[in-house]
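Trainee: What follows is a structure written as structure tokens; I'll ask about it next.
The values are calculated or read from the model by the stated rules, or taken from the named source; none is laboratory data. Given the structure is predicted, the values throughout are model-derived calculations rather than measurements. With ideal geometry, Cβ positions are generated from the backbone for all residues, glycine too; neighbour counts draw on all protein chains shown.
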Amino acid sequence: MDHFLYRDGALHAEDVPISEIAAAVGTPFYVYSTATLLRHFQLFDDALEGTDHLVCYAMKAASNQAILKTLAQAGAGMDVVSGGEYLRAKAAGVPGDKIVFSGVGKTADEIRTTLSGGIRQFNVESEPEMEVINAVALELGVIAPITVRVNPDVDAKTHAKIATGKSENKFGIPIARASEVYAHAATLPGLEVIGIDVHIGSQLTELEPFELAYTKVAELTEHLRAEGHNIRRLDLGGGLGIPYTRANDAPPLPVEYGALIKKTLGHLNCEIEIEPGRLIAGNAGLMVSKVIYVKSGEGRDFLILDGAMNDLIRPAMYEAHHDIVAVQEPAPGVEQQPYDIVGPVCETGDTFAKQRNMPPLTPGDLVAFRSAGAYGAVMASEYNTRPLIPEVLVHGDQFAVIRERPSFDEIINRDTIPEWL
Ligand SMILES: *Cc1c(COP(=O)(O)O)cnc(C)c1O
């Protein structure tokens with residue numbers, strides 16, 4: 001459920017007409033709904049009720065500080081995957097002891113930044129990284145709390161580019177080597193081993209891969225405890241999928257996911273951490289774009305939009321489907337017609353949808369890409385010297401620009417010319 005609905009024939013974000021935002025900020029832009037963000041966070045928090053837990057929003061999904069602040073004020077921690085994300089979370093007011101640092105290639109500089117600024121834990125991905133965290137901790141005279149990310153070798157049954165839990169993926173250490181790696185960690189004086197971490201992929205639409213992975217984590221917990229490690233926190237990653245089409249089979253609900261966590265891991269008396277990103281932000285955001293031209297081709301019509309692959313790369317990168325709706329609600333019974341919906345960038349990959357049925361549209365009409373809140377704005381680029389598009393946050397009947405569209409001068413003046421030219 002989200003808060004983007006038609007009212008009196010016009011698509012709204014909560015109580016604000018999308019067309020009003022478009023008039024104020026220009027197109028294209030991203031718009032997020034506070035109520036939807038909070039609702040999704042709350043679903044996870046409620047799903048783990050009765051268990052000692054922290055929902056750490058995976059901020060790489062949508063990292064605007066206004067979004068982070070909205071979630072942090074509701075009690076969320078953050079999962080960060082770079083030193084930059086850490087600093088952004090801190091700037092949004094998130095305390096270090098609610099920030100978890102994940103990611104396969106943490107540099108010594110990033111480790112120094114996060115360890116000196118305060119961190120809840122490092123999710124360690126390899127033994128060489130463990131050595132560096134130890135060295136930096138000793139240099140700073142602190143102890144670094146760590147979990148080790150294990151790779152449970154399960155098939156997440158998702159798109160290959162976002163599956164992370166098979167043994168051939170670059171993530172974590174093979175679960176079969178966990179004993180050895182934990183024994184090594186225990187010898188390093190700058191580290192305190194507190195738990196286990198696992199994250200098997202993104203946009204999972206079934207519970208079974210989670211069940212396989214979490215069952216392996218439960219066995220590993222008992223095994224490591226028997227070997228003398230004080231395993232007391234389990235970080236279970238993110239990855240629960242969202243419905244990208246309204247026709248689609250619905251992915252499992254957070255409450256079902258929570259019940260699975262309790263069933264597989266509840267008896268261990270560990271603190272549970274989860275790191276959802278997509279499910280919190282995905283359906284809480286739209287990308288709104290304007291039709292520039294309608295072009296008739298050989299046997300097909302093209303809708304050419306002012307938004308492009310640099311603004312929303314998911315269709316080009318993951319063959320992702322986004323529902324695209326007209327901002328002006330089509331009159332009942334209006335006949336739909338198929339369009340290829342494309343952006344202006346000079347690449348055939350700049351195609352959002354092929355032969356998509358839409359009501360008849362004309363230049364100037366607005367369309368909204370649904371489910372664009374996660375991995376949308378954060379993956380945007382300035383390819384073709386197209387400015388990063390603004391982000392807007394709606395709260396009831398209010399809205400605010402939370403990232404401005406840069407001017408062309410700002411973009412162009414970022415280049416510096418060497419003195420020999
Ligand atoms: C990307 C990522 C997440 C979030 O995944 P979603 O599919 O957005 O829920 C959580 N944890 C880690 C380690 C990640 O890399």
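Trainee: Kindly provide the set of residues from segment 38-97 that are within 12 Å of the ligand (Cβ to nearest atom), of a type in the set (Val, Ile, Thr) and not in a loop (DSSP other than H, G, I, E, B), ordered by number.
Mentor: Val55, Val80, listed by residue number.
Trainee: Determine the pairs where a residue that is outside any loop (DSSP other than H, G, I, E, B), located within segment 198-213, has a partner that is away from the ligand (no atom under 12 Å from the Cβ) and among the β-branched types (Val, Ile, Thr) with Cβ atoms under 8 Å apart, the partner being 6 or more residues away or on another chain.
Mentor: Pro209/Val154; Glu211/Thr264; Leu212/Val154; Ala213/Val154
Trainee: Right, here's the next one. Return yes when Lys170 is within 16 Å of the ligand (Cβ to nearest atom) and charged (D, E, K, R) and no when it is not. Quick ask: steps written out before the conclusion?
Mentor: Values: within 16 Å of the ligand (Cβ to nearest atom): yes; charged (D, E, K, R): yes.
Yes.
Trainee: Looking at Pro252, Pro332, Pro243, which is the one that is within 15 Å of the ligand (Cβ to nearest atom), out of contact with any strand residue (DSSP E or B) (no Cβ under 8 Å at 6 or more places or on another chain) and not in a strand (DSSP E or B)? Steps first, please.
Mentor: Working: Pro252 fails: out of contact with any strand residue (DSSP E or B) (no Cβ under 8 Å at 6 or more places or on another chain); Pro332 fails: within 15 Å of the ligand (Cβ to nearest atom).
That would be Pro243, the only listed residue that is within 15 Å of the ligand (Cβ to nearest atom), out of contact with any strand residue (DSSP E or B) (no Cβ under 8 Å at 6 or more places or on another chain) and not in a strand (DSSP E or B).
Trainee: With Gly141, Gly239 as the choices, which residue is under 25 Å from Asp97 (Cα atoms) and touching a residue at least 60 places away in the same chain (Cβ under 8 Å)?
Mentor: Gly239
Trainee: Can you run down the residue pairs with Cβ atoms below 7 Å, 6 or more apart or on separate chains, where the first is in segment 21-42 and touching a residue at least 60 places away in the same chain (Cβ under 8 Å) and the partner is in a helix (DSSP H, G or I) and of a type in the set (Gly, Ala, Ser)?
Mentor: That search, which allows pairs on different chains as well, returns Tyr30/Ala377; Tyr32/Ala284; Ser33/Ala284; Thr36/Ala284; Leu37/Ala281; Leu37/Ala284; His40/Ala284.
Trainee: Can you pull out every residue in segment 158-171 that is more than 14 Å from Tyr318 (Cα to Cα) and not hydrophobic (A, V, I, L, M, F, W, C)?
Mentor: Of everything in segment 158-171, those that are more than 14 Å from Tyr318 (Cα to Cα) and not hydrophobic (A, V, I, L, M, F, W, C) turn out to be Thr164, Gly165, Lys166, Ser167, Glu168, Asn169, Lys170.
Trainee: So Leu265 clears everything in (1) in contact (Cβ under 8 Å) with a residue 60 or more places away in the chain; (2) part of a helix (DSSP H, G or I) except one condition, right? Which one?
Mentor: Every condition holds for Leu265 apart from (1).
Trainee: Just to be sure I understand the filter: pairs with C-beta atoms under 6 Å, separated by 6 or more residues or on different chains, first member in segment 271-285 and in the same structural domain as Ala377 (by TED's automatic domain parsing) and at negative phi, second member near the ligand (Cβ under 10 Å from one of its atoms) and among the charged types (D, E, K, R). Which pairs pass?
Mentor: none
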